[in-house]
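A.B. asks: Sharing a structure here in structure tokens format.
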Amino acid sequence: MQIIEYFTDLTPVNIAINFIDVLLVWYVVYKVLTLIKGTKAVQLLKGIFVIIIARLATDLLGLQTLGWMLQQVIEYGFLAIIIIFQPEIRRGLEQIGRGKLFQRSSSQVEEEQTRLIEAMKKSVSYMAKRRIGALISIEKETGLNEYIETGIGLNAEISSELLINIFIPNTPLHDGAVIMQKDRITAAACYLPLSESPFISKELGTRHRAALGLSEVTDAITIVVSEETGAISITLNGNLHRNLSLEEFETLLRKMWFGSTQESNVASKLTWRGKKNG
């Protein structure tokens, strides 16, 4: 009866207040999880969740001794948490004091994007100078799982050192393409479809044809480092951007990878149809 009376007494104002209350709680929890993401506090939360579930299970099963022990852990564990994670708590309070708590998500995204671009730039620069052939595809909206299945699974964090090591000649994974999804190197030694276009210059090798072939059937970005000349190229939407300097490569990759579709199209000026040399 009390529940029925509670709902019948609700006014539009009370409903709106309760709705805002739930949204604020959800948002605070979300920001806290964002704040501790990537820290050792994540593992702590998992441990706390397991202990709470175990404590509830002891009540259901009537395990009084184990239940008492877990209750002591819960009661005194929060004090231990404050002591152990004092640096993280202090950092979080400092961010609140500086008003940066709610800016952390966007800044983290920007930092991660910069890290990925720098890793790609460093690896491509190293391979171009030494004429180490490379083929790297970055998944966007269209899934690349059918091509990932043709290679060797890695699921590794993107780093310049790993990319360079993969394409060193005569290593097991150097022959084929690396496919990346979000911030992970998903697979290496993958086979990509070759372009059937009759307009492709005869001087372009298998890597460039594979990069163009993938760009014709997906929206993936593919980076090519020529083994013969060390030239850097990028394909997207059937266009091949050739002979890019390191600065042009960085700018174009950032717009293609993290910019809008319109920005990517505006940046597409150097195509294989318009370049005769290199």
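The values are calculated or read from the model by the stated rules, or taken from the named source; none is laboratory data. All values derive from a computational prediction rather than experimental measurement. Because the Cβ atoms are built from the backbone with ideal geometry, glycine has one as well, and the counts that use them run over all protein chains shown. All accessible areas refer to the heavy atoms of the entire protein, side chains included, with ligands and DNA or RNA removed. Shrake-Rupley method; radii C 1.70, N 1.55, O 1.52, S 1.80 Å.
A.B. asks: Distance from the Cα centre of segment 218-247 to that of segment 130-175, in angstrom?
C.D. replies: Cα centroid to Cα centroid, the span is 15 Å.
A.B. asks: A follow-up question, please. Whenever you get a sec, line up TRP257, TRP26 from highest to lowest accessible area (probe 1.4 Å, protein heavy atoms).
C.D. replies: Result, largest first: TRP26, TRP257.
A.B. asks: Pop out the Kirkwood hydrodynamic radius of segment 109-258 from its pairwise C-alpha distances, inverse of mean 1/r, in Å to one decimal.
C.D. replies: 15.0 Å is the Kirkwood radius here.
A.B. asks: I've got another one for you. Assign unit charges at the C-beta atoms only (+1 for Lys and Arg, -1 for Asp and Glu), then state the dipole size of segment 109-258 relative to its Cα centre in Debye, rounded to the nearest 20.
C.D. replies: 420
A.B. asks: May I pose another question? Once amide H atoms are built 1.01 Å from N in the peptide plane, which residues 5 or more positions from THR150, or in another chain, come under 5 Å H to H?
C.D. replies: TYR191
A.B. asks: A further question follows. Taking θ as phi - 60°, what are the ³J(HN,Hα) couplings along segment 146-151 by the Karplus curve (6.51, -1.76, 1.60), each to the nearest whole Hz, with x for Gly and Pro?
C.D. replies: So the J values, rounded to whole Hz, are 5, 8, 4, 5, 7, x.
A.B. asks: Which residues' amide hydrogens lie under 5 Å from the amide hydrogen of THR222, considering only partners 5 or more residues apart or on another chain, with H built in the peptide plane?
C.D. replies: ILE138, THR235
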